[in-house]
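> One structure, pasted below without further comment.
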Amino acid sequence: MRRHNRALVLQTVAGEQPVSRARIAARTGLTRGTVSSLVDDLLAAGLVAELGVTRGGTGRPASPLQLNRSGPAGLGLEIGVETVGACVVDLTGAVRAQAQIPSPHRTEAPAVGLGALVSVAARVVAGAGLPVAGVGVAVPGVLADGVLERAPNLPRWRDVDVAARVGEVLAPEVGDVPVTAGNEADLGALAEHVTGSGGDDVLYVSGGIGVGAGIVLDGRAFRGAGGRAGELGHVVVDAAGPECSCGGSGCLESAAGLEALCRAAGVGDLDALTAAAAREERPTVEALTAGGRALGIALAGAVNLLDVPVVVLGGAYARLGRVLQKAVADELARRVLWRSPVEVRMSPLGPDAALVGAAVSVVRELVRAG
Ligand SMILES: [Zn+2]
């Protein structure tokens, strides 16, 4: 009971900080005495901090409370196809340190990527200078209970228990803290949801070498019966299309994945593609229009099934601008059955969303558990 009430108090602080003890009592229905005692607990645990004493008209000074920005922090990690990233967020979800380094996961064994993860994690943990209370790992593939069942672009990571392996290699850096692993698009959707760019019903698309989707319905992540929902990249957009890394053919990924877009535009990487898109070079405009149409076809199918009013284009897509956005919006307007338009937004977090979401998932759980 005390644990439950402590969590309730902490969630109230998180919901409307800075907030007074009296306000917490009014919001939770707990007595002033109980609130004071629970707040003392939370202060001792470093989860909340006093903002500073302000004097009211009469009586005792009131010290508003807020989440402790020097308190326990979340470490987010991302295993990309060709990179690893790490970031630390404080209890409020603010990013305090972030870094990314190359690491080739299509060819190398997991041990190589895990080594790279440790070095980038050590760098951000030292940079942030906060105690790490937990680790979240974002992975571009299908997970069940922290085990990566399948990631077509990480062929050597099949059936790897990501959470357990990361926990082992990171223990010397951060100690024995909880480690969870999740799909990168789901975690990207969480970050977008927390920062308010999506809404309660939203399809968040993470574009990169792979293409994934995070589905938020009624304010909650929808992951399907086995936690695997959202493999938008392997929705078929052209039954006669090219073979895909998943073993199928004509998948969205082979029409609108980052490598397909770069190839069609005749450029080498995302930076070059972004620059060419900004200059509106013709081959790039044509490539983004064709890729955006394919993306719109897949998304129209999802919208017709789920009736979500907002689509957020994230990951690499967030950098590719209006041409892509317009092609997607045009295709949705043509194919979605109802008249209310589907809004296509560009993600403000862009390629960082999954990494930030992985770290935010840790501090959200801390606040939820109290
Ligand atoms: Zn496929």
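The values are calculated or read from the model by the stated rules, or taken from the named source; none is laboratory data. All of these numbers come straight from a predicted model, not from anything done at the bench. Every residue, glycine as well, gets a Cβ built from its backbone with ideal geometry; the counts of neighbours run over all protein chains shown.
> Could you say whether any residue in the stretch 192-205 is within 26 Å of Thr289 (Cα to Cα), modelled with pLDDT under 95, within 10 Å of the ligand (Cβ to nearest atom) and not in a helix (DSSP H, G or I)?
No: zero hits.
> From the list Ala240, Ala229, exactly one residue is closer than 30 Å to Asp145 by Cβ, in a loop (DSSP other than H, G, I, E, B) and either within 16 Å of the ligand (Cβ to nearest atom) or modelled with pLDDT of 95 or more (or both). Which is it?
Working: Ala240 fails: closer than 30 Å to Asp145 by Cβ.
None of the others qualify; the one that does is Ala229.
> Give the residue, chosen from Gly52, Gly127, Gly93, Gly113, that is among the small types (Gly, Ala, Ser), assigned to a loop (DSSP other than H, G, I, E, B) and out of contact with any helix residue (DSSP H, G or I) (no Cβ under 6 Å at 6 or more places or on another chain).
Gly52
> Before we move on, is Gly115 closer than 30 Å to Asn5 by Cα and outside the structural domain of Asp269 (by TED's automatic domain parsing)?
No: the conditions fail for Gly115.
> Could you please give the count of residues in the stretch 148-175 that are among the charged types (D, E, K, R), more than 16 Å from the ligand (Cβ to nearest atom) and without any contact (Cβ under 8 Å) to a residue 40 or more places away in the chain? Don't jump to the end; show me each part of the working.
Kept after step one, since they are among the charged types (D, E, K, R), are these residues of the stretch 148-175: 149-150, 156, 158-159, 161, 165, 168, 173.
Checking which are more than 16 Å from the ligand (Cβ to nearest atom) leaves us with 156, 159, 161, 165, 168, 173.
From what is left, the residues that are without any contact (Cβ under 8 Å) to a residue 40 or more places away in the chain are 159, 161, 168.
Residues that pass the stated criteria total 3.
> Something else about it: Answer with yes or no whether Glu286 is assigned to a loop (DSSP other than H, G, I, E, B) and either modelled with pLDDT of 95 or more or surrounded by fewer than 24 Cβ atoms within 10 Å (Cβ to Cβ) (or both).
Details: assigned to a loop (DSSP other than H, G, I, E, B): no; either modelled with pLDDT of 95 or more or surrounded by fewer than 24 Cβ atoms within 10 Å (Cβ to Cβ) (or both): yes.
When the stated conditions are applied, Glu286 does not pass them.
> Select from the stretch 236-246 the residues that are surrounded by fewer than 19 Cβ atoms within 10 Å (Cβ to Cβ), under 11 Å from Ala294 (Cα atoms) and of a type in the set (A, V, I, L, M) and list them in ascending order.
Val236
> Select from the stretch 247-264 the residues that are near the ligand (Cβ under 9 Å from one of its atoms) and either assigned by TED's automatic domain parsing to the domain that holds Asn153 or crowded, with 17+ Cβ neighbours inside 10 Å (or both) and list them in ascending order. Talk me through it step by step, then tell me what you get.
Step one: filter the stretch 247-264 for residues near the ligand (Cβ under 9 Å from one of its atoms), giving 247-254.
Matches in the stretch 247-264: Gly250, Cys251, Leu252, Glu253, Ser254.
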